[in-house]
1. Checking the condition assigned to a helix (DSSP H, G or I) and more than 12 Å from the ligand (Cβ to nearest atom), which residue from Ala212, Ala258, Ala276 passes?
2. Any residue in the range 101-126 that is within 19 Å of Pro161 (Cα to Cα) sitting within a Cβ distance under 6 Å of a residue that is assigned to a helix (DSSP H, G or I) and within 11 Å of the ligand (Cβ to nearest atom)? List the pairs, counting only those 6 or more apart or interchain.
3. Can you name every residue in the range 119-136 that is assigned to a strand (DSSP E or B) and either within 11 Å of the ligand (Cβ to nearest atom) or more than 19 Å from the chain's Cα centre (by Cα) (or both)?
4. Just the residues that are assigned to a helix (DSSP H, G or I) and in contact with a Leu (Cβ under 8 Å, 6 or more places away or on another chain), please, taken from the range 137-189.
5. Quick test for you: out of Thr244, Thr226, pick the one residue that is in a loop (DSSP other than H, G, I, E, B), more than 10 Å from the ligand (Cβ to nearest atom) and not basic (Lys, Arg).
6. Counting only residues that are over 21 Å from the mean Cα position of the chain (by Cα) and more than 16 Å from the ligand (Cβ to nearest atom), give me the helices (runs of 4 or more DSSP H) lying completely in the range 35-109 with at least 1 of them.
7. With (1) hydroxyl-bearing (Ser, Thr, Tyr); (2) at negative phi; (3) not in a helix (DSSP H, G or I) as the list, and Ser270 as the residue in question, which single condition is left unmet?
Amino acid sequence: MPTIAPSVENVPHSRIRELAEIAMGMDGVLRLYFGESNLPTPDYIKQAAIRAMQDGYTFYTENAGLPSLRRALADNYRRLQNVDLDPASEIVITASGVQALNVGIRCTLDPSDEALVLTPAWPNGSSCAMMANAVVRQIPHPLCGDRYVIDFDALERAVTPRTRMLLYTSPSNPLGWVATESEQRALLDFARRHDLWLIADEVYDRLYYAGAALGDPVPSILRLATRDDAVMVVHSFSKSYCMTGWRVGWLVARRDAAAKATQLNEFIISHAPSFAQKAAETALADGEPELVRMLERLKENRDLCLNALRGAPGVTVPKPDGAFYLFPRIDGLTDSFGFCRRLLEETRVGLAPGVAFGAGGEGSIRICYAAERSILEPAMERLNQYLRSGS
Ligand SMILES: Cc1ncc(COP(=O)(O)O)c(C=O)c1O
């Protein structure tokens, strides 16, 4: 009997999903396991999608996405990051951040090539590399005092003649860690020295609490790279505009890679949904006030959760500067999946297990603090009690 190809058989399940699927079969769960808030997409974006459908955006678009959306993104990069991009050749619209990650990785790796991935990280990056039949080497971020850092010695040791790519995420899911400019320079320098593609997952760049003002993005790696560098940036509308279900993202890449990703798009998804691309344009044009309001709320949520955890026994939780996650480490915890499952069954609080995030993740749990207070407050209270009971 024909079997599933072993190369895909070996791609692991997402353990966040595994936990979520148990939770979805239960009533009354306070859901903090996915990377999204329970707030709906703002109305002005929904209205823009309806208008777009009425205006005829129901047909195929270019493989690289609507030129008007690419121009709007290039304008945004100029305004927010002081980076000049050619919308026609350096930006590809994708059907989500994960699709940008997938097609970007696909353009960099051949079977048996090796990819370096900084972890703990959202598991999809490693899994996309495995779907390309590459070998993944995960390099954990060590915690140095109260800040995560990059272990450059471990990176150097992990390089082999087959290494082709390095993937990092800043702001990080799950750590909330944000790469400093000197860390970005060092990553770029490392990638140049070893002839590697550098893929930066920047989907959380607008969710930043340490800029001069709320709404200032984390400086992109594109500020340091030249347009000839082997650099790609993965991005998405999901997080900044509460559009997780819409599936619109983008990839910024060197021209040759952007052209190849555009061509491959045809065979993967062809393009992101036409009316969703149009609505994304409206999100870029009109979304700033709503985004800043969301950031104010998220920052307060972060501080609420940090305070709730500060006194909990055996818990270490650095204060993150970006994204919307806390990743507390719990002394003596060796089975974070079991912990999250018991927490779910006994208290109806759904968190993501640290083990889902690869090397360096076991022993921690991930809390997504993007939910409304009416969910977050009781969830933190129950978690705190659970931790104090020594369960
Ligand atoms: C680090 C990171 N990158 C990319 C994505 C992809 O987002 P989407 O596929 O919804 O655009 C996520 C979603 O959780 C993420 O956490």
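1. Details: Ala212 fails: assigned to a helix (DSSP H, G or I); Ala276 fails: more than 12 Å from the ligand (Cβ to nearest atom).
Being assigned to a helix (DSSP H, G or I) and more than 12 Å from the ligand (Cβ to nearest atom) holds for just one of Ala212, Ala258, Ala276, which is Ala258.
2. Correct list of pairs: Ile105/Cys128; Val117/Gly125.
3. Of the range 119-136, the ones assigned to a strand (DSSP E or B) are 119, 135-136.
Within the range 119-136, just Val135 meets the criteria.
4. Here is the first cut: in the range 137-189, the ones assigned to a helix (DSSP H, G or I) are 152-158, 181-189.
Within the range 137-189, Leu155, Ala158, Glu181, Gln184, Arg185, Leu187, Leu188 meet the criteria.
5. On the way: Thr244 fails: more than 10 Å from the ligand (Cβ to nearest atom).
Selected residue: Thr226, the only one of Thr244, Thr226 that is in a loop (DSSP other than H, G, I, E, B), more than 10 Å from the ligand (Cβ to nearest atom) and not basic (Lys, Arg).
6. Values: elements: 43-54, 67-76, 97-108.
Helices (runs of 4 or more DSSP H) meeting the threshold: 43-54, 67-76.
7. (2)
FYI, it's all coordinate maths here, none of it is from the lab. Remember, predicted model here, so these are calculated numbers, not experimental data. Positions of Cβ are generated from backbone atoms using ideal geometry, with glycine treated the same way; all protein chains shown enter the neighbour counts.
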